[in-house]
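Worksheet: one structure, shown below.
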Amino acid sequence: MNSLTKIIKYSFYDTWRSWWALLYGLFFLVISATLLYFSGDFNKAIVSLLNIVLLLVPLISTVFGVMYAYNSREFTELLLAQPIKRNNIFLGQYLGLTLSLALSLSLGLGITFLLFAGTAEESVHLGMLTLCGTLLTAIFTGLAFLMSALFEDRVKGFGIAILIWLFAAVIYDGLLLTFLVIFNDYPLEKATIGLTLFNPIDLSRILILLRLETAALLGYTGAVFNKFLGTALGMVVSLGALLVWIFVPLLLFLKKVQNKDF
Amino acid sequence: MAAIFQTSRFILKTALSVVLLLAGQVVQAKTLPVSPTGEIRSVKEAVRLAQSYDTILIASGIYHENDIEINKPLTIIGRQNPVIDAGFKKGIFSVMAQNVLIAGLTLQNVEESFTKNYAAVRVRGGGHITVRNNTILNCYYGVYLEQTDSCTVRHNYIRGNAKQESTSGNAIHLYRTENITVADNKVSGHRDGIYLESSSNSTITGNVSQNNLRYGLHFMFSDNNSYQRNKFIRNGSGIAVMYSRNIIMTDNLFEQNWGAAAYGILLKDIVDSRIERNIFRQNTTGIYAEGSTRLYLKNNEFRNNGWAVRLLGSSEDLTFEENNFIGNTFEISTSTNYNSNNIFRGNYWSSYTGYDLNHDGTGDVAHKPVRLFSYLLEDIPTSVVLLRSLFIDLLELIEKVAPVLTPENVLDNQPSTRLNTWKS
């Protein structure tokens with residue numbers, strides 16, 4: 001077993017041992033089970049669940065990521081004194097945390113799914129939601145790690161990581177709306193698709209909404225979106241965009257810690 | 001005694017006249033059998049030989065015929081489902097007489113044309129024509145009635161193979177007609193399922209119109225018609241009704257009319273009409289009203305539509321009473337703040353968040369069915385990309401606490417807290 005897998009394993013167990021990951025998973029289990037049980041309408045439940053996932057997954061990943069990165073500082077320094085590659089240490093910590101968070105989320109949603117086993121179409125919807133949740137976990141954990149590497153001061157790092165989350169979750173949409181209001185006289189459908197690629201939360205939201213029945217409800221503009229994002233090419237492009245959102249912060253983080261003076 | 005005598009005389013007289021009447025009929029009308037192996041082998045030949053009020057009985061088989069002109073009162077009946085195939089050359093029956101009945105036939109393969117309205121049954125002039133129990137397949141137009149009155153089109157199965165709007169015709173087409181009954185037909189795969197233009201006093205009942213390229217039902221300049229118990233499902237653009245008054249639409253089902261320009265019903269310049277007990281389910285837009293006034297909508301069910309009702313500013317004096325709005329993304333959407341005197345009363349709204357302290361079934365707080373986002377969408381359609389985003393939810397919360405943008409006067413003062421029920 002090489003050093004990378006050892007560190008992944010350590011980080012993974014570390015998070016599970018602290019009960020947080022378990023609580024996180026339980027939360028999604030309870031929420032999704034309650035929604036599915038009480039709403040009766042699968043699509044309605046998925047839409048509500050979507051709102052919760054899109055709000056909480058990035059937030060929790062950000063908070064967890066920043067806390068974990070700062071709290072394990074001393075242990076990291078200890079590891080740095082060992083003959084282990086820097087990349088392995090940091091990549092290992094990142095992967096360990098991401099995996100445990102993603103696993104809790106998937107377990108939470110997955111157990112619900114097994115309890116209320118639905119049709120093939122429904123499982124695709126839930127699978128899509130879980131996939132987007134997992135990707136968002138990876139994205140925001142990466143961003144959080146990057147912030148912790150950029151700022152020595154943990155308050156500052158924490159604050160800026162939260163700001164990034166706030167920007168993606170709320171402010172970006174406000175700016176987008178302002179943009180749409182100002183340039184309302186122009187055909188904006190394609191520009192809007194382009195702009196959503198720059199926000200992983202928006203992108204996930206649209207990807208899932210297009211899968212649900214609401215897709216056809218979106219009228220003319222929705223038809224334009226569907227024509228692009230609903231196709232295989234659109235799917236590949238948007239999943240590609242989400243992967244870029246994972247790799248860019250992660251690579252920046254690894255580059256930063258490579259030369260960082262601890 | 002005298003009374004008994006009188007009664008028996010009356011019975012005798014009646015019986016005698018009935019017998020004479022029947023005898024007259026038998027003497028007058030004869031029956032001409034048509035069969036692939038018989039004396040008369042084509043329908044056209046039979047029509048030529050027949051006198052007025054004769055019956056032509058067509059035995060089963062395939063008849064390759066087209067352009068059969070009927071210019072005298074005739075009864076044409078198919079036995080054991082004979083097929084008349086036009087071989088994609090012109091139409092099949094062309095009727096220009098009174099009192100014609102065409103029943104029990106399969107009519108197929110009528111030619112598409114850009115200049116002539118070829119149809120399986122084309123009626124021009126005349127009247128009292130009945131087309132029933134026929135199967136009409138792959139025809140340009142199915143049944144085409146023009147300048148005629150008192151006709152019945154009942155219980156036909158009409159399926160087209162329309163690919164493009166510009167090269168296809170309608171299943172049942174009425175143009176300048178009076179007193180037509182269109183009932184219990186199943187129509188699909190045409191441009192429009194049922195089309196009426198300048199046709200009045202018609203009854204359209206119990207038809208199923210689905211998977212048509214454009215509209216399931218389409219009418220213009222057709223006053224005083226009633227549409228009851230029809231089903232309109234998965235049509236390209238739903239149903240469009242325009243420029244008509246005194247329309248009664250009751251107990252119809254409008255379902256799964258999906259798409260960028262699809263509506264349960266598009267109401268354009270419809271005046272003084274009633275829309276009651278209809279079900280609008282899973283349409284992009286349930287009702288889209290433009291320039292429509294004095295409409296009375298009661299006991300309709302709007303379920304899981306994108307927009308239950310979209311009202312453009314020019315729609316005035318609409319009354320929505322005791323309807324059920326369930327699980328629609330947007331309940332009412334309007335583009336204007338102008339007071340258009342539309343009344344909402346006693347409707348059930350599934351998104352109602354008020355309370356009912358005395359449990360009388362009427363909410364104590366008025367319901368505002370226009371969401372800020374739907375108002376925004378009318379102005380900026382692209383903003384649909386923000387559907388269900390946190391930012392929009394926050395904006396709507398603020399708007400709810402202190403309304404600035406959404407129209408003040410679109411509200412239901414007596415929202416029902418229970419589902420309205422009715423007998424159909």
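Pairs needed: first member in segment B:54-69, in a strand (DSSP E or B); second member anywhere, of a type outside the set (A, V, I, L, M) and surrounded by 20 or more Cβ atoms within 10 Å (Cβ to Cβ); C-beta distance under 6 Å; at least 6 residues apart or different chains. Qualifying pairs under 6 Å: B:Ile58/B:Gly78; B:Ile58/B:Pro82; B:Ile68/B:Phe93.
Candidates in segment B:244-279 are the residues that are within 14 Å of another protein chain (Cβ to nearest Cβ) and in a strand (DSSP E or B); of these, the one that is farthest from B:Arg310 (Cα to Cα) is B:Glu255. For the structure I just gave you, tell me whether A:Leu188 is in contact with a helix residue (DSSP H, G or I) (Cβ under 7 Å, 6 or more places away or on another chain), over 13 Å from B:Leu386 (Cα atoms) and within 10 Å of chain B (Cβ to nearest Cβ). In short, yes. Can you find a residue in segment B:280-292 that is in a loop (DSSP other than H, G, I, E, B) and in contact with a Gly (Cβ under 7 Å, 6 or more places away or on another chain)? Yes.
Conditions (1) within 14 Å of chain B (Cβ to nearest Cβ); (2) touching a residue at least 24 places away in the same chain (Cβ under 8 Å), marked per residue:
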residue	(1), (2)
A:Asn184	yes, no
A:Arg211	yes, yes
A:Ala223	yes, no
A:Lys227	yes, no
A:Leu233	no, no
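A quick yes/no check of all residues on (1) crowded, with 16+ Cβ neighbours inside 10 Å; (2) hydrophobic (A, V, I, L, M, F, W, C); (3) in a loop (DSSP other than H, G, I, E, B); (4) at negative phi:
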| residue | (1), (2), (3), (4) |
| --- | --- |
| B:Phe320 | yes, yes, no, yes |
| B:Phe325 | yes, yes, no, yes |
| B:Asn328 | yes, no, yes, yes |
| B:Ser333 | yes, no, no, yes |
| B:Asn341 | no, no, yes, no |
| B:Phe344 | yes, yes, no, yes |
| B:Tyr352 | yes, no, yes, yes |
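Residues that are part of a helix (DSSP H, G or I), within 14 Å of chain A (Cβ to nearest Cβ) and closer than 26 Å to A:Leu54 by Cα occur at least once in segment B:365-373. When segment A:32-66 is filtered for residues that are free of Cβ contacts under 8 Å to residues at least 24 places away in the same chain, more than 14 Å from chain B (Cβ to nearest Cβ) and either surrounded by 21 or more Cβ atoms within 10 Å (Cβ to Cβ) or among the hydrophobic types (A, V, I, L, M, F, W, C) (or both), the ones remaining, listed by number, are A:Leu35, A:Phe38. In the condition set (1) within 27 Å of A:Leu50 (Cα to Cα); (2) more than 8 Å from chain A (Cβ to nearest Cβ); (3) not small (Gly, Ala, Ser), B:Asp356 is compliant with all but (1).
For segment B:381-399, a residue qualifies if it is more than 8 Å from chain A (Cβ to nearest Cβ) and more than 40 Å from the chain's Cα centre (by Cα), and the qualifying residues are B:Leu395, B:Leu397, B:Ile398, B:Glu399. Within the set A:Leu115, A:Leu99, the sole residue that is within 22 Å of A:Trp16 (Cβ to Cβ) and either in contact with a Phe, Trp or Tyr (Cβ under 9 Å, 6 or more places away or on another chain) or among the polar types (S, T, N, Q) (or both) turns out to be A:Leu99. When the residues of segment B:400-410 are filtered to those that are of a type in the set (A, V, I, L, M, F, W, C) and touching a residue at least 24 places away in the same chain (Cβ under 8 Å), which remaining residue is farthest from the other protein chains (Cβ to nearest Cβ)? Only one residue tops the list, namely B:Val410. Of the helices (runs of 4 or more DSSP H) that lie entirely inside segment A:169-262, not one contains 2 or more residues that are under 29 Å from A:Tyr94 (Cα atoms) and in contact with a His (Cβ under 7 Å, 6 or more places away or on another chain).
Total residues in segment B:354-381 satisfying the condition of being surrounded by 15 or more Cβ atoms within 10 Å (Cβ to Cβ) and within 19 Å of B:Thr334 (Cβ to Cβ): the figure is 14. Regarding segment A:219-238, can at least one residue be identified that is modelled with pLDDT of 85 or more and buried (at least 20 other Cβ atoms within 10 Å of the Cβ)? Looking for residues that are modelled with pLDDT of 85 or more and buried (at least 20 other Cβ atoms within 10 Å of the Cβ), one finds at least one in segment A:219-238, hence yes.
The rows are residues; the columns are (1) assigned to a strand (DSSP E or B); (2) surrounded by fewer than 18 Cβ atoms within 10 Å (Cβ to Cβ).
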| position | (1), (2) |
| --- | --- |
| B:Val187 | yes, no |
| B:Arg191 | no, no |
| B:Ile204 | yes, no |
| B:Ser209 | yes, no |
| B:Arg214 | no, no |
| B:His218 | yes, no |
| B:Asn224 | no, yes |
| B:Tyr227 | yes, no |
| B:Phe232 | yes, no |
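Only one of the listed residues (A:Leu36, A:Leu91, A:Leu55) is within 30 Å of B:Thr329 (Cβ to Cβ), modelled with pLDDT of 90 or more and aliphatic (A, V, I, L, M). That residue is A:Leu55.
Against the list (1) more than 19 Å from A:Leu55 (Cβ to Cβ); (2) within 8 Å of chain B (Cβ to nearest Cβ); (3) β-branched (Val, Ile, Thr), the condition A:Val170 fails is (1).
Restricting the search to strands (runs of 3 or more DSSP E) fully inside segment B:103-166 and requiring at least 3 residues that are of a type in the set (Val, Ile, Thr) gives B:127-132. On inspection, B:Arg294 qualifies as more than 25 Å from B:Cys139 (Cα to Cα) and more than 18 Å from the chain's Cα centre (by Cα).
Filtering segment A:114-146 to residues that are of a type outside the set (A, V, I, L, M) and without any contact (Cβ under 8 Å) to a residue 60 or more places away in the chain leaves A:Thr119, A:Glu121, A:Ser123, A:Gly127, A:Thr130, A:Thr134. Residues in segment A:1-31 that are at pLDDT 90 or above and among the small types (Gly, Ala, Ser): 1 in all.
As a summary of the residue check, B:Glu316 satisfies the conditions (1) surrounded by fewer than 18 Cβ atoms within 10 Å (Cβ to Cβ); (2) within 14 Å of another protein chain (Cβ to nearest Cβ) except for the one numbered (2).
The values are calculated or read from the model by the stated rules, or taken from the named source; none is laboratory data. This structure is a prediction, so every number in the text was calculated from the model and none was measured. Cβ: placed from backbone, ideal geometry, glycine included. Neighbour counts: every protein chain shown.
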